[in-house]
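One structure below.
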Amino acid sequence: MEAVRLLPQGTILQDWWAGVKDNFWQEDAKRRVKELLKELMESTMITEIVKKTGVGYYKNSPEKRQDYRNGYYERSLVTQFGIIQGIKTPRTRKGGFKTKAFRRYKRYQETVEDLIEGIFLAGISTRRVGEAISMLLDTKVSHGTVSNITKRLDKKVGQFHREAIIDEYQYLICDGINIKVRYNGKYHNRRVLVVYGITLFGQRKLLAFMQAKGESQNAWEAIVNSIYTRGLKGENLKMVIQDGSAGLKAALRMVYPYAAIQRCWVHKMRNVSNYLKAAHHDDCIKGARKIYKAKSKHLAMAEFKNWKRMWAKKAPKAVHCIEKDLDVLLNFFDCPKSHWIKVRTTNAIERSFREVRRRTKVFSCFSNLQSTERIIYAIFTYLNNKWKERPIKDFTQFC
């Protein structure tokens, strides 16, 4: 009687099985799936060519014939399982044969294009997307190919700019970031104006962005008006936090005249620093910080008076810098205390700008205005999706 062959035991068995799985899933299964997919596409096209010509293979029915076969050509297609080579695609004498097996003139299956778009929206640069796809599909995907595929986002960018906004926002934070864009054969400095909102329920969202030459009143009016016409009428809007732009302030007074304006303390402290001697800098800034760290508006006013008495003669311009805007610097004290740390600065939107810089630091300049729109949209979509299930703690109270 033939002896029963025993499988390896213990860790040897685990190693053996791991090897079998690796070989099967990485090589055999993937290869077989590609073979089956190729057979399916070629079978589909045979059925389609019979319908196109009006007669089957090896048949001759002149009364039914609509066209004649004209051989075939071979083409490749990148699928989610890898690249499939040598797909036999039929031709007819009259031409115009279109198959449903894949899209005409497309080297990438729509599923692969969706995958590339999804990775791009997840916050990966176009160059890194190509590297990731190349490893996944065992075929080279160039930076240019990824760029061409992501052009599909242009329609979604347009939808983002027109998307309806529910009028439930209690805070808006407005700021801009500088970028460099090449168009008309030259490099241009551009300002991307951005509006970020926090709802009554603590949800945060980047609501709008717009490329402009600068932060003029007209530019800010355009973007603020856009969110107004999209539905943010300001019924629940209590405060807008901004960096001090005169153009933005004027635009807000035109569109949301009843919303309080809060000047960003981070930007203000940078301005104060510009008026200080090196010997005075640390002590003066330390004293100024006590103003916004006070436990109430009344105590903040007292801290300002103490700070003014100490520095009025040593740094008069620094004192005037805060004094002239003191009313709008202290508006955040009128909000619930749990909100103070979030609404006294534009730091929330600055963190979004850091993500923009991270994505764009691999190249010194955007190639054109359209690619700028796509990349900014991709970054903002990534951040908005990340924030959906993560509302800001203690932000469900009304101002």
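The values are calculated or read from the model by the stated rules, or taken from the named source; none is laboratory data. Owing to the predicted nature of the structure, the values given are computational and were not obtained by experimental measurement. Positions of Cβ are backbone-derived with ideal geometry, glycine not excepted, and every protein chain shown enters the neighbour counts. All accessible areas refer to the heavy atoms of the entire protein, side chains included, with ligands and DNA or RNA removed. Shrake-Rupley method; radii C 1.70, N 1.55, O 1.52, S 1.80 Å.
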| field | Where Ala259 falls short, out of the listed (1) touching a Phe, Trp or Tyr at 6+ places or on another chain (Cβ under 8 Å); (2) open to solvent by less than 30 Å² (accessible area, probe 1.4 Å) | value | (1)
| Out of Ile392, Ile349, which single residue is assigned to a loop (DSSP other than H, G, I, E, B), open to solvent by less than 90 Å² (accessible area, probe 1.4 Å), out of contact with any Leu (no Cβ under 7 Å at 6 or more places or on another chain) and within 19 Å of Arg204 (Cβ to Cβ)? | Ile392
| query | For residues in the stretch 221-246 being in contact (Cβ under 8 Å) with a residue 24 or more places away in the chain and farther than 25 Å from Cys335 by Cα, which is most open to solvent (accessible area, probe 1.4 Å)? | reply | Asn225
| field | Conditions (1) within 22 Å of Leu330 (Cα to Cα); (2) crowded, with 19+ Cβ neighbours inside 10 Å: number failed by Leu207 | value | (1)
